[in-house]
Structure formats: C-alpha cells, structure tokens
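Shown next, in structure tokens, is the structure this report addresses.
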Amino acid sequence: MVYTGKNFLLALLLLTAGTTRSVFSQSSPDAPSGVRKIKDIIIYRDSLFYAAFPSVVKLKNGELLLAFRRAPERKAFGEKGTNHVDPNSYLVAVRSRDGDTWTPEPNLIYAHAFGGSQDPCLLRLRDGTLLCASYGWAFVRPDGLPQLKQPVFQNMPGSVFLGGYLVRSTDGGTSWQGPIYPPHVAPEKNLDPFGQPIRAYNRGAMYEGRSGKIFWVVAANDRLSPRRSSTHLLVSNDKGLTWTYSAPVAEDENASFNETSMYETPKGDLVAFLRTAGMDDQACIARSTDGGKTFQPWQKMGFQGHPLHALRLPDQRVLLTYGYRHAPYGIRARILNAECTDFATAPEIVLRTDGGTTDLGYPWAVQLDKKRVLVAYYFNQANGPRHIAGTILEIGR
C-alpha cells in the first residue's frame, strides 16, 4: 500500500461509500458460488508492532509461508500514531502446516540497508524457488534533504522513496539472497536518494506463466504535477534474476493505476487486476491476448475494492479477493470464470464486515487442499493493533 504515510502509489485515492449486491458475512454460513465460510483466524498479532500487507504461498513440502511487513507500533513510544512508512519496517515471515496454527515469532526475510521495506510479495516457482518483491523508503535528516538531486518523492517529511528490489530463496525461505534490483522503467520521473533513476517497484502478485516466464506489473510515477502513476509489464526469463520491459499495461490522462496482481488464464491471456486512484476507488482490469506484448484498453470492473489478488481454484475458476474500505469495512471476494470474463456479473461475497477503520485489507489467497482456501490480510478491530488475520473458506461448485 502507499498512502497515509506509506507511499505515493495511492496519493490520489478517493474514498467514497460503496454498495453490495450479494452478502456473505459472519452470520451467513453460505455464499454464492458454493462458498462456505469456516472461520476467521488471527495469524500474527503483537500490540508492540504494526503488522500489515501479507502474501502467502504453499511450499513444495506442503508448508505455508506467509510474509508481511512489521514495524514498531509508535503509540507504544507515546507517539500519536503509526505511519505506513518507518525506518524500522522489515520483511518477516511465519509458517504453518495447516493454515490454522502459525509459528508465534516471525523470522527475518530482509532488512534494507538504507531504510524501511514495504509489502513483501511472494511467488513460488514450479521448481520451488521463491521470489519476494518489495520496495523501500530512506529516512534523510533535514540537513541532507536540500542536497538531494531532484525530483525525489517524500511520503512524509524526510522519508524519500528508494524504489524496488527483490530477494530470492532456493531452500524454502530458510535463507534469502539479494537484493536483486530490477531496471528503471522509462516513464518514472523520480530519482532515488542517491540521484539515480528509481528502480521498478509495485505491490501485487507476480505470475509464472506456462512458458516459465515470470510476469510482473510495476508502477511508474509518470507525471509529477498533478501526480499520476501508470503500470507496465516486466518479464523475466531466468527465474527473476533479470527483467526486461515488455509493454504499458494501463495509463490514463486523469486516473492513476498502481498496485496490480497478474494472472494467466488457461487459454493464455494475461490479466492484470488494477488498483486505481482518482476513479472513485473502482477496481479495473486490463488484458493481453498476445503474451504481454500489448494490452487491450483497461476496463472498470463495476465494483469498488483494492488491491486485488487472483487465485486459480482446482476447477479453473478464479477466486478474486480484495479489501473494502467503505463502511462496513472488511474483506470481499468474487469467483470468476476460468477466463475472468464475467467480472461485471459475478456476485460479490462479503467475508468480513467487522473492520474498525479503513486501515485494513490487502488480501492474498492460497489453496489449503482441494476444497479449502485461506485468505490472508491485515486487519484492525475498533482501531486496535494492526495484525495479520485470515479467513478459511470451503469452496465447492
């Protein structure tokens, strides 16, 4: 995520009231599309830490690895609140064998040498290799800020955007190598604190296609005043070690596109699920039918929510999950057909309505077994500690 003290991808986001067509809440055991909610769980919670922005994968041995960003809860120091950027925010992970019980203390994935890290986005490749994409913020003292080569982006005074990076594991997340720095995307206007073009970055799911190529949609702040961002496709042919630019995904004269999850359909279409700003919080979609060489014009999906994550179910349908930052705050989902063409008509499924504020969401789903799915996200109740929570679903036909 990227605003209210986190980063600039969402700087223009407008939060307005939303509507719901179909409701599946804690008081309703059954939902459209054969979905039954089993229970909500707490994956990680500690009142001394602000835990947010999870991603989760199943390893080759069946174990689940869930990464998230953890930072100090600044209220514990007597401060007024905690921001979404912090010099002590690190990438950490917990593990589970069943999706219900989790290791109580997280292990470190990566601590950036020059600042706080955000939004670890995991991908497990077919050979078991793990990739984790992130980005960071450097905290520069007041005497240094005037010396920085412009333009740079500050999320709050002194926090300067570092750009993106990835780390990589070949032993199931026990150890991590990197950082791997992706290329600069030409439309990006900002520089990093060292005066260099910002490296590609974004929050959202990468996807390994049938060809073995890895597809990653990144963001670029392509206009500074008024601020606007667009999205672009990078492709890796060597398991994430190097990346090449492929094509623009979504851009608009007025609206911004940012946090994006990638998906490849059984027919081979590439589908980008886009978060927007300046568009009444509308979820959007963009599709490529030529392997990512070009994308068709983006479309509104007809509902509010962000950001989105797509999980292929055993029957080839797609579970699309997203946060809902309008009263009642919570987590929602839809089940799309295999080619993701019925997004405008698929019923909405409400997983939770008990969120305390808009500061929640970022769901990421993983298949537990043939019938059950875990949807992980960050959450708060009554504006309490931000923590990693989950909902276990049973999904049939």
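Overview of results
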read-out: Most fluctuating residue given options T357, T174, T321, as computed from a GNM of the chain linking Cα atoms under 10 Å; value: T174
read-out: Inter-label distance, nm, simple model (7 Å from Cα along the C-beta direction), D100/A186; value: 5.4
read-out: For peptides 224-230, 101-107, sequence by mean Cβ density within 10 Å, most packed first; value: 224-230, 101-107
read-out: Debye log10 I(q)/I(0) at q = 0.10, 0.12, 0.13 Å⁻¹ for the chain, Cα point scatterers; value: -0.58, -0.87, -1.05
read-out: Most mobile of G330, G361, G209 in a GNM of the chain (Cα contacts under 10 Å); value: G209
read-out: Counting all C-alpha pairs of the range 43-182, share separated by more than 18 Å (%); value: 58
read-out: Potential lengthening between N254 and N61 on full extension [0.36 nm per residue; Cα-Cα distance subtracted]; value: 64.8 nm
read-out: Listed residues G34, G268, G323, most fluctuating in the chain (Gaussian network, C-alpha, under 10 Å); value: G34
read-out: Charge context of R210, other residues only, Cβ under 13 angstrom, K/R +1, D/E -1; value: +1
read-out: More than 18 angstrom apart: percent of Cα pairs within the range 126-194; value: 50
read-out: Stokes-Einstein translational diffusion, the range 256-397 - Kirkwood Rh over all Cα pairs, 1.002 mPa s, 20 °C, in µm²/s; value: 139
read-out: Simple spin-label estimate for R126 and H326 in nanometres, 7 Å along Cα-Cβ; value: 4.1
read-out: Mean separation of Cα contacts under 8 Å (6+ apart) over length of the chain, as relative contact order %; value: 17
read-out: Distant-in-sequence amide H partners of L351 (H built 1.01 Å from N, under 5 Å); value: I331, R332, A333
read-out: Where N is the number of residues in the range 250-334, Cα Rg divided by 2.2 N^0.38 Å; value: 1.10
read-out: At 1.567 mPa s and 4 °C, Stokes diffusion of the range 161-247 via Kirkwood alpha-carbon radius, µm² per second; value: 94
read-out: Additional length obtainable on full extension of the chain from Q177 to F77, 0.36 nm per residue less Cα span; value: 32.7 nm
read-out: Ordering of 375-387, 144-156, 73-85 by packing [mean C-beta count within 10 Å, highest first]; value: 375-387, 73-85, 144-156
read-out: Over 17 Å [Cα-Cα, the range 51-98], rounded percent; value: 45
read-out: Cβ-based charge dipole, the chain, positive-most Cα from A76, S169, S225; value: S169
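Bear in mind these aren't lab numbers, they're just calculated from the coordinates by the rules spelled out. Note that this is a predicted model, so its numbers are computed, not measured. FYI the Cβ positions are ideal-geometry reconstructions off the backbone, even for glycines, and counts take in every protein chain you see.
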